Each structure stands twice: as structure tokens, then as C-alpha cells.
Amino acid sequence: MLEEYTNSFKTLSLKEKREILLKEIADTLIAIENLCEKKNVDIDKLNSSDYIKNKDLLFEEDYYNLMFMYIIYMKEDLAMLL
Amino acid sequence: MAKKVKKKFSAFKLFYDEFIYKENDNISYASVERNIKRIRDLTMEVRKTSKRDLELYKLKLERNNKRIREQLDEIYNLNKAMFEYYFLLYKSCVEMCTDKLEDMPFIISCSFYDDYRLDNKTPSELENSSYAVPKYSSLEKKKIRNEAKGKTKLEYFVYLLKESDNRKLFMRFIERSEELLAVKPYINEGYDKFFERINKQLIKYNNYLVGIEEILKTTDDYEVVCDIMQIAYHKKFILNDGTIKEMVNLHFDEVYNRMKDDKSLRGQFNENNDISFETFKSLTDDFIKEKETLMDAYVNGKFEPVSFAEDSYITKFRELLINSFFDSRYQNKHDVEWTISNCVERAISLYSLAHDLEDQIFERVMYDASHSPLLKRNNDVRSALIKKVYDLYNPFYLLSLYEKSKDEFLEIIKEKNQTFKDNFEIELNQKKTQLGYHGPIPTMKSIKTKVNGRRIHFIEEYCITELKSRDEIGDYDTRNYDLNVMIHDISTSDIVELYENMKIKIRNYNFENLCFFDEVQVQESYEREQLLIAAQELVTKAIYRNMKLKNANQEDLLNKYKDICLGYFNEKCLFIKEKYNDANKNGYNDFLKIRNKFNENSKWMRLLDYHKIKRRLL
């Protein structure tokens, strides 16, 4: 299922990928903050903009693909840990 | 039925309309021209005299009336027939009339005095008066309205003060007003932002507003200006506290709305350029007038190459284009004897002209390619001005002028006898060898072919860097030239050959030579593949344009592109998959469906549900 999901992401246009990623990151951060608050865990605000603003990679499409993978895995791992 | 109140008739008013404005075709004014002018001056003098000092006003009235009477007597003696005609007009207007012709100068003079004496009355007294004494004749009113046409109240007000005899008193106000009037909205500037800027200027201006009304009231201009403004704008105009301020606001409101509607120049600038539409328009209007003058001089054989003192880029560019546009080599001399040496000289000048013209046309192509809208760079003011100059002095236009001139010259040679032709050929060939010219005198077609050869060479040379932008997001195109512009006018067979050469170049190119290339990040094969796709897209679309087909729908267009790739290059169409699949909205919807399905069982969503945290994704 995960493979199908990530493959379907790869077919999207750059604009769509960008929108989805930004939404995913914002969503994840808010959810983590809410969770931490409920569990009384102290965390510093996650600095996602570092990933978004990193344009050192020449092809942004590759960067988005990697970024998407990273977020999916990060959420899953985080959920398991919590 | 209400009794119609007849207004008393003013003999002077009739005289003034008939003689001062010389409207009547039946009267010959020539002999009395000087007298009429004098009467007009004397009348205007009274009209312009302020009535605050009543004694002075009456003194002037008496004195001028006496002088008018003298002029009228002179006219009467000079041209009695004219006075007879006037007498008839007068009698037709006056019901009971026992006046005699010789009394007319006296009657006119009296009615002048009567008219102006009435000026001392208050508006309500005048309203109820049985006399019809307009302060301005209808013609004067028309003139005033014409003068005010297109001007805002503030502009006309400043103009009147500037025209006044007392302008020195108002100088500081006039200068500051002119500065303020020069403020125009920027392109894309919002209404509020514009007024925010205006208000900053007004803070400085306010210092000059204080007291200007008072200064004006101390002069004779006060009434004149108020009256004229009233006529010009059909509204009572009284200068009191706040009138000028109100005029300023109205002025800018009007200017803003006028500019906003002027779409003729929109799109030429980006919003950061601090030049107004009006400045640009007036500047380019000057260019047009300049061309008209130069063209007249050129046609009449009086054109001298221009040399502008100003050292700006635009000026030097304009100078260059003007001098090449009005190049004397485009004209065959008519006052010259066509000897062999003169003919050789002329032929050589045509060779050199063709060479220069080829350069000029290619430069124009390069300019268009570097300023193409596809490159997503808004043109700045300089580019907009250069484009305007280029449009005025378009080198493509010169091709036909060249052809005409060359044909005229060849016709001259054709009419010569064979011996002349043979000797001309021998001398010309010698000269051509010396100067490195080859072949017959270039034609319009051969110049075009040469330019196209240079276009093809350029595309081949720069296809690695100019085929595609390095900004993958597409916000800014990193290319310097749009090759779609460069490939225009190139024949399909040349395009096919060009594509083969481009492919060879791309395949053999060592990408490590490129400054942007980073082998850690990018596969060389990927870069090569992307360039080949871009090259295919460029040539396919150019061939499609050459076919001059009518607008097709998207599906037909894509099929046509595929056909071209297959037919001309025996290749699969690569760029359609690359570009147009992206536009397929189904892909996005499919993705959302798969995502929802995935989320149903994901640990993440279960976690959020478990902790009662709202799901946010769509």
C-alpha cells in the first residue's frame, strides 16, 4: 500500500507536490505539538522550513520525492514511538 | 400668457460680436483692422480693471470710452458702407428707432459705457436688470472652455496664475504646484497607496497653500481667475479656505482614474519601475515627432547624421538606429553621371550596405529573443524604450528599401551598352577581390538567408545552455535567449538538419564544462536526456508553425506534434509525455483516493484518533 501511495505521488506535477508537501509538513508539526502538549512533553518547535528552503539540490522534483518519503516514514516511526 | 420682458439691446455688444470677432462673411474688415484691434484692447483693459477702487475704474472707463469713440469715428469715416450694414443690423434688433447712421459711433460708445457701468452692480441687481450685458461673449467663453479642455481644475488654475501679469507673486506656489502635478501613479499602484504617497507630498505643499488665496485677493487677478474658472468648469468658483486643497484631491482622483483606464501601455513595465505612463507616453511621443521631422529631411535630401550630446545608453542607441535607418546608401544619387567608376563605387556601397543591414537585422532578432515574454522577465523601462525605438526604426523595413534601391541601380546598368557592362564587371570584380566581397550584389532574399544562417548557427552553438531553464520551479527563466524566437522564419528542411546537429552536440557534450553542473547531484545522462527532450520540443513546434495550420484543439495539437516527430525525425514524441501528463488532473484525484485509503489503516491516523486530535488532511 505504501509503495502504491508513494508511486502515485511521483506522478503528480511539481506544483501539486509542493502543495501536498507543505500541507503534510504543517499537519505533522501541529499534530506533534498537540500530542506533546497532551502528554506534557516539552519540545522545541520543529523547524520544517529548513527542509523547504533547502534549494541546494539541483532538481527540485527529486528533492520533493525524498522529502515525501521522509515525512511518511517520520510520521509512522513517531506514531510507533509515542 | 405671461408678458415677455424685453431686454434692452446693447449696440456695443452687437458691434463687438460683429466686428471684434469678424464673424460676418458679408463684411470686409481689412480697412479697419487696426481700429478694431485698438477697440478690442481698450475694452479688455476696462474688463481687466478691478472694481475695488471705484474711482480708478470710472476714470479708466471714461478715458477708454473716449478713445473707443475716436476709433469708431475713424471707422465711420473710413468705411461708411460697413457702418451702413451695421446700422441695418442694429435697426433690425431695435423695435423703435429714430437713430441716424451718423449717430451710430456715439450710440455704440454710449452703450459700451452703459455695459461697463453695469459691472458695478451686484449679481442680484444685475439679475433683475433689464440690460443683457454678458461679461464674456459666447466666443470668449468657447475659447476659455477650449483652453481648459483636458486640464483638471488644479492644472488650469495654475496655468491661469502662470499667465497672469502678477505671476511673480505666485511664483513659489506655481513651482511647488508644478512639482506636485508631475506626480503620477505608478504602474499597478493601488488607489490607497497612491494617495498615501500624495499625502506625503502634500505636507510640503501645504506650506505654500497658506496665504496664496490671500495674495491672490490683493491683485486684480482674483475676479478674472474666478470668472474664467467658473466658465471653464460650469460651476461657481469662489476661492476660500480649502478650495485649493479640494482641487488637489480632485485632481489626483481624476489623474488616477484616467491612468488606471489607460491600458495602452500596461504590461510594458514591472511594478517596481518608477516611471509613470504619462512620462513614458510623452517620451515616446517625442520620439515619434522626431522621426517625422527626420523623415521629412531625409525625403527632401536634407538629412544630416545626428549626434546627440547626452551620453545615456538609450540616446546612443537611438542615435545609432536613426543614422542607420536614414543611411544615404539607401538612395541612388540622381544628380550623378553614371560613369564606370561611379557605378563600381555604387555597387560596392550596396555590398557594404547589405552587410551592415544583415548585422542590424540579426541584432534585432537577438534583442527579441532576449526579451521574449516566455523568459518570464518583465521588461524594465529601458527595454520598453529600446523596443519603442526599434519599432520606429525597424531594420526589417529597410530590406524592401534596400531591394528597391538595388533594383533601380541594376536598371541603370541594364540600360548601358555591352562594352560598358563588360568594363564595369572587370572593374567591379577587381574591387570586390580587394575588399573581400563575393558573388553578385546581395538581394533582399540573400540577406534574409544569411541572417537565417546566423540564427541556425546560434541555436546550434548555444543549445546546451539556452534550451531549458535551470530553475526547475519555473519562477524565473534562467535562459538568456528564447530559442523559439531565434528559430522563427527558418525553413522546415533547415530545421530538420539543425535538429540532427543539435542532437550530435548534446550527445557529445561534456557536461562537466557547465558551471551549474554538479555531478554529485545530477546524473549526466539525466541532463542529456532533458536537453534532447527540449530540443525535440523546440523543432517540432517550429515545424508545426511553418505548416501554418489553423488553431487546433489540444488533442489534435498533441497528435500533430506526435506525427511531426514520427514523420520528420522517426522518433517517439518525448516532450508531450513530459509536459502534458502533468496537466492531467486525474493523476491528482487518483493520488487523493490512494492517500485516503492509505490513511485509513495508517498508524499515524490511528494515533491521532486515539488522542482525539483532529485529522486535518483533506
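What follows is calculated from the coordinates using simple rules that are stated; it is not laboratory data. Since the structure is predicted, the reported quantities are computational estimates derived from the model, not experimental observations. Every residue, glycine among them, receives a Cβ derived from its backbone with ideal geometry; neighbour counts consider all protein chains shown.
Estimated at 0.36 nm per residue, the fully extended path between B:Lys548 and B:Lys245 surpasses their Cα-Cα distance by 103.1 nm. In this structure, the residue pairs whose Cα-Cα separation is over 22 Å, taken from B:Lys48/B:Lys80; B:Lys13/B:Lys66; B:Lys162/B:Lys245; B:Lys37/B:Lys143, are B:Lys48/B:Lys80. Approximating the spin labels as points 7 Å out from Cα along Cα→Cβ, the A:Leu29-to-B:Lys404 distance works out to 6.8 nm.
Taking label positions 7 Å along the Cα-Cβ direction at both B:Asn513 and B:Phe317, the computed distance is 3.1 nm, reported to one decimal.
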